[in-house]
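Q: Here it is: the structure, laid out below.
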Amino acid sequence: MSSHSESDGGDDIDLAEGIDHQVAMVMDLNKCIGCQSCTIACKTNWTDGGGREYMYWNNVETKPGAGYPRDWEEMGGGWTDDGSERTPGDIPSEEDYGAPWDFNYEQIMYEGSDEPLRPMDDAADWGPNWDEDEGAGEYPNSYYFYLPRICNHCTHPSCVEACPRSALYKRSEDGIVLVDQDRCRGYRYCVEGCPYKKVYYNAMKKVSEKCIFCYPRIEGEGPEGEVRGPACAEDCPPQLRMVGYLDDEEGPIHKLVNEYEVAVRLHPEFRTEPNVYYIPPFAPPQHSESGESLDSERIPRTYLEELFGPKVNEALNTINRERDRVRRGEESELMDLLTNNREDKYRLEVFD
Amino acid sequence: MTRSREMWLAGAFAVLLLATAAVGPLVVDARPAFEIPVEAGTEDENLDNVTAAAWTEVPAASVSLSTSGSSVPAADDITVEQTSVQAVQTDQRLYLRLSWPDPSVDRSTRAIRSFADAVAVQFPENTSARPPIAMGGSGNLVNVWYWSADNTTQELLAGGPGSTSRFAESTLVTDATHADGRWRVVLSRSLEASTGNRTAIPSDADMDVALAVWNGSNMERSGQKSVSEWHYLALGPGPQGPPYQTILWIVAGLAIVGSALVTIEGVRRTRGD
């Protein structure tokens with residue numbers, strides 16, 4: 001899928017060929033408290049049964065960590081460096097996603113056992129979010145942060161390209177990537193082709209399924225017939241997500257992504273061109289044994305580069321610079337957008 | 001050379017000629033390369049049952065399989081190289097019984113990484129024209145009979161790779177068993193085309209057919225499959241059977257004897273006998 005650019009005097013905005021507008025989301029990782037409200041909002045809306053039990057279209061994982069599914073970053077998919085050819089990928093196993101554990105209900109409920117209710121045998125050796133809050137680093141300089149993930153509704157989606165039946169497609173009106181449930185024959189090339197492992201196989205329905213960016217909600221088919229942001233965004237207690245269109249040049253997403261370039265893509269080296277962007281995480285500086293702050297960053301830049309590519313450096317530098325301006329009592333449009341000016345956090349009714 | 005020796009040689013040639021004509025058809029299957037023979041049957045033979053006794057009397061054609069040339073990942077990684085096909089036509093239905101080696105039985109698609117064993121038979125939608133082998137073409141559709149070990153039986157219509165779609169209601173009947181390291185599957189359908197885009201199976205003309213097999217444990221699905229070239233079901237009255245073969249073998253035998261005699265005569269003359 002090739003892309004085209006829209007430029008009205010501003011920065012170029014790459015949209016996929018044949019797409020009128022592109023939905024996008026910016027998540028500020030500095031606000032995420034790992035409460036999983038987004039995960040549950042998504043689950044209760046879309047994946048609470050019918051073969052979807054293991055699916056978390058929205059998940060929040062601790063980084064550094066193996067994530068969901070386990071070690072998804074090592075499973076291939078996406079494109080080669082020049083973006084011309086797809087890279088082979090793997091289909092995760094049930095165990096990688098975190099298969100449900102068997103509990104000793106039988107013994108406790110019917111056999112009179114005094115054992116506590118617990119997973120049987122060695123069933124509990126992995127699960128979604130198993131390594132929550134582990135992170136990395138040594139006391140007193142250990143570190144971790146939370147990484148919420150949904151489908152990136154990529155501009156150059158390798159899942160779409162992977163399907164030999166064109167069952168996956170980008171909606172022309174807003175670039176949301178969907179699986180045509182009637183065309184899908186359950187081959188799972190999309191599952192192995194997505195490097196973020198955000199397409200899931202429903203073994204009960206024998207088709208693949210994925211995040212739909214809550215399109216009924218953004219079309220006004222949600223509660224009270226109002227246009228609403230995706231449930232993961234609206235249910236977030238710290239309201240860390242902004243939702244809008246990448247090509248809405250008056251909106252905060254365009255400003256954060258294209259003007260200030262402080263919102264960056266997760267694993268840009270996969271070359272799928274995600275439309276979910278992240279404000280990279282800050283952490284307190286490292287501490288000495290005696291508790292003094294040192295002039296050294298707690299989360300290693302090298303690690304953030306692994307996750308977000310080299311652009312994360314300039315993003316962090318820009319935010320630092322703007323924070324200093326605010327500390328000096330100066331105005332900063334960027335820091336306003338990230339903190340108190342949240343009027344446009346869901347800006348969805350700008351195009352007809 | 002004495003006259004008696006010449007007589008002996010001529011006798012030997014005559015015997016050789018007879019032997020070639022008589023034995024040749026037996027030692028070499030002279031069936032045209034892409035023919036799948038079709039037996040006439042009756043509806044009381046229980047042919048929908050894959051283990052029905054009637055199937056033991058039906059001749060089997062061996063069909064070679066190879067990769068499909070599809071662009072899906074690992075399309076060249078296939079495991080089944082041959083399938084045997086038996087065909088019976090009654091006055092109402094066409095029955096096909098396929099059998100191929102597969103030591104692993106993959107019946108389930110209930111695990112995320114599991115794929116089921118499967119088989120498919122492809123026919124032209126319009127039997128007067130041969131469509132492109134890979135799922136037909138946009139102006140030249142194919143019907144596909146599909147059976148999968150996860151209890152799926154589907155009648156499909158396709159007009160090129162990636163266009164496969166299900167008929168709303170499958171009229172296909174299947175039965176399958178796995179024993180001695182082989183799948184045996186019977187697929188049958190009525191001869192009539194009950195709705196548009198369904199192949200009407202002729203009784204008086206040959207019909208093209210192609211086969212495909214998937215091995216689930218090798219994660220085979222879609223274009224990662226073992227496929228045949230176009231073959232044909234010998235439903236028509238075409239040249240076949242012993243008389244045709246015998247004539248061919250007599251011609252071949254005469255040619256061999258003739259060229260041998262000419263060679264011997266040439267050697268004799270050179271020696272100046």
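Each value in this text was obtained by applying a stated rule to the coordinates, not by laboratory testing. Everything quoted here is computed from the prediction, not taken from an experiment. Backbone-built Cβ (ideal geometry, glycine too); neighbour counts: all protein chains shown.
Q: For segment A:73-89, in order, what is each residue's ³J(HN,Hα) by Karplus, 6.51 cos²θ - 1.76 cosθ + 1.60 with θ = phi - 60°, in whole Hz (x at glycine and Pro)?
A: 5, 9, 9, x, x, x, 10, 5, 4, 8, x, 8, 10, 6, 9, x, x
Q: Just from its helices, what would the mean residue ellipticity at 222 nm be for the protein assembly as shown, if runs of 4 or more DSSP H residues each count -39500 (n - 2.57) and the sum is divided by every residue, rounded to the nearest 500 deg cm²/dmol?
A: -5500 deg cm²/dmol
Q: Taking a quarter of the surface of the convex hull around the Cα atoms of chain B, what do you get in nm²?
A: With the hull built on Cα positions only, its mean projection is 19.8 nm².
Q: Where a ≥ b ≥ c are the square roots of the eigenvalues of the C-alpha gyration tensor, would you call the protein assembly as shown rounded, which needs a/c under 1.5, or, failing that, prolate if a/b is larger than b/c, or oblate?
A: Since a/c reaches 1.5 and a/b is larger than b/c, the shape of the protein assembly as shown is classed as prolate.
Q: Could you tell me the number of lysine pairs in the protein assembly as shown with C-alpha atoms less than 16 Å from each other, where the two lysines are 8 or more residues apart or belong to different chains?
A: Lysine pairs meeting both conditions in the protein assembly as shown amount to 10.
Q: Starting at the first residue of segment A:62-68, write each ³J(HN,Hα) from the Karplus equation 6.51 cos²θ - 1.76 cosθ + 1.60 with θ = phi - 60°, in whole Hz, x for Gly and Pro.
A: With coefficients 6.51, -1.76 and 1.60, one gets 7, 10, x, x, 6, x, 10 Hz.
Q: Rounded to whole Å and sorted largest first, what semi-axes of the equivalent ellipsoid does the C-alpha gyration tensor of segment A:68-137 yield via the square root of 5 times each eigenvalue?
A: Value: 39, 15, 6 Å, ordered largest first.
Q: Can you find, among B:Ser71, B:Pro59, B:Leu187, the residue farthest towards the positive end of the dipole of segment B:35-234? Put +1 on the C-beta of Lys and Arg, -1 on that of Asp and Glu.
A: B:Ser71
Q: Follow-up question, since we're still on this one. Per-residue counts of other Cβ atoms within 10 Å, averaged by peptide: what ranking do you get for A:187-199, A:266-278, highest first?
A: Per-residue mean Cβ counts within 10 Å order the peptides as A:187-199, A:266-278.
Q: What does the average come to when, for each residue of peptide B:107-115, you count the partner chain Cβ atoms lying within 10 Å of its Cβ?
A: Averaged over the peptide's residues, the number is 6.
Q: Using only atoms on other chains, find how many Cβ atoms lie within 10 Å of each Cβ of peptide A:157-170 and report the average.
A: 2
Q: Once you average over the residues of A:179-185, how many Cβ atoms of partner chains fall within 10 Å of each Cβ?
A: That works out to 2 on average.
Q: How high is the FRET efficiency between B:Ser104 and A:Phe282 when r is their beta carbon distance and R₀ equals 35 Å, given to the nearest 0.05?
A: 0.10
Q: Collect residues whose amide H, placed 1.01 Å from N in the peptide plane, falls under 5 Å from the amide H of B:Gly41; neighbours closer than 5 in sequence don't count.
A: Amide H neighbours of B:Gly41, under 5 Å, 5+ apart: B:Gln89, B:Thr90.
Q: Determine the shape class of chain A: with a ≥ b ≥ c the square roots of the Cα gyration tensor eigenvalues, call it rounded for a/c under 1.5, and otherwise prolate if a/b is greater than b/c, oblate otherwise.
A: The shape class here is oblate.
Q: Rank-order B:39-52, A:30-43 by packing density, defined as the average count of other C-beta atoms within 10 Å over each peptide's residues, highest first.
A: Packing order, densest peptide first, comes out as A:30-43, B:39-52.
Q: Give the relative contact order (percent, whole number) for chain A; include only Cα pairs under 8 Å separated by 6+ residues.
A: Over chain A, the number comes to 22 percent.
Q: Now, a different point. Give me the dipole magnitude in Debye, nearest 20, for chain A about the Cα centre, with unit charges on the beta carbon: positive for Lys and Arg, negative for Asp and Glu.
A: 420
Q: Once amide H atoms are built 1.01 Å from N in the peptide plane, which residues 5 or more positions from A:Trp130, or in another chain, come under 5 Å H to H?
A: Excluding prolines and chain starts, which carry no amide H, there are no hits.
Q: Once label points are set 7 Å from the Cα along Cα→Cβ at both B:Glu229 and B:Ser194, what is their separation, rounded to one decimal in nm?
A: It is 3.5 nm.
Q: On to the next question. Which whole-number percent is the relative contact order of chain B (Cα, under 8 Å, 6+ apart)?
A: Result for chain B is 23 percent.
Q: List every residue whose amide H lies under 5 Å from the amide H of B:Arg182, counting only residues 5 or more places away in sequence or on a different chain, with H placed 1.01 Å from N in the peptide plane.
A: Counting only residues 5 or more places away or on other chains, the set is B:Asp102.
Q: Could you give each residue of segment A:199-208 its phi-based ³J(HN,Hα) in whole Hz, using Karplus coefficients 6.51, -1.76, 1.60 with θ = phi - 60°, and x for Gly or Pro?
A: With the stated coefficients, segment A:199-208 comes to 10, 10, 9, 8, 5, 7, 8, 6, 9, 8 Hz.
Q: Something else now. Treating only the Cβ of Lys, Arg, Asp and Glu as charged (+1, +1, -1, -1), what charge dipole size does the protein assembly as shown show about its Cα centre? Round to the nearest 20 debye.
A: With only Lys, Arg, Asp and Glu charged at Cβ, the dipole is about 2940 debye.
Q: Just how far, in whole angstrom, is segment A:290-317 from segment A:145-205 if you go by their alpha carbon centroids?
A: Computed from Cα coordinates, the inter-centre distance equals 32 Å.
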